[in-house]
């Protein structure tokens, strides 16, 4: 969170981290409440919370038990599960707050251009929704409209309308700038690209299956997997030639980019080496 506060810019999507913090807190609370209400296990020792038990006979299957005595281990397990889900939400939120979705396309290979376009629009949805919500709430406050639960019907429709309108403007601007156009390619190059893509998928799937199933030497398994990655690299190179992209502004590395990349690499290394185990 400190990295996000230091490295984020002043763009609208950079202020969306508060929404993800609230969402993560709600997920943790709901996970604990579900564990309290739907108490499936018997807590005979280390009782954390003792509530009256409610049994409901649905007429089929087992009897549904609600509430009851809740052990310390059950609460710890529910809290850990909720924190795990909240960590995933915050990771996505930090990526949305630090990354500019409209500049994501510049860093993607040409072979993944269509997929990156769809991902950019999808990532742009949540920050745009938050921006529209703040704009509508501000305008309603200036007009002196009511707040609270009664104001929800008057907020939802304008927010969705503004979000869809902004998304359509983004799609129209991308179309006007030539996103999705294809270069002139010969039939021979298209055939070679398809063959290399098929070989890459075949060797990668075979290599992963051999590593998981085979008891033989891993040298052959790794060789098959590496061969698949080589074919995938060749396929990406050949597919990138069909996309014509014009760049007017060259993005340069900033200090914040280096800090985020270094911390992310350290977290990955710590996770794979078992530091957090």
Quick check: residue separation of residue 223 and residue 169 times 0.36 nm, minus the Cα distance between them. What number comes out in nm?
14.7 nm
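Under the 0.36 nm per residue contour assumption, what length would be gained going from the current alpha-carbon distance of residue 206 and residue 51 to full extension?
My answer for the length gained is 50.4 nm.
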Residue exposure sequence - 84, 143 - by fewest surrounding Cβ within 10 Å:
143, 84
Roughly speaking, what is the stretch gain from residue 272 to residue 37, that is 0.36 nm per residue apart minus the C-alpha to C-alpha distance, in nm to one decimal?
81.0 nm
Please give, to one decimal in nm, the separation of the simple spin-label points placed at residue 264 and residue 186, each 7 Å out from Cα toward the Cβ.
3.9
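If neighbour count is taken as other Cβ atoms inside 10 Å, put 132, 173 in order from fewest to most.
173, 132
Each value in this text was obtained by applying a stated rule to the coordinates, not by laboratory testing. Since the structure is predicted, the reported quantities are computational estimates derived from the model, not experimental observations. Please note: Cβ atoms are built from the backbone with ideal geometry, for glycine as well, and neighbour counts cover all protein chains shown.
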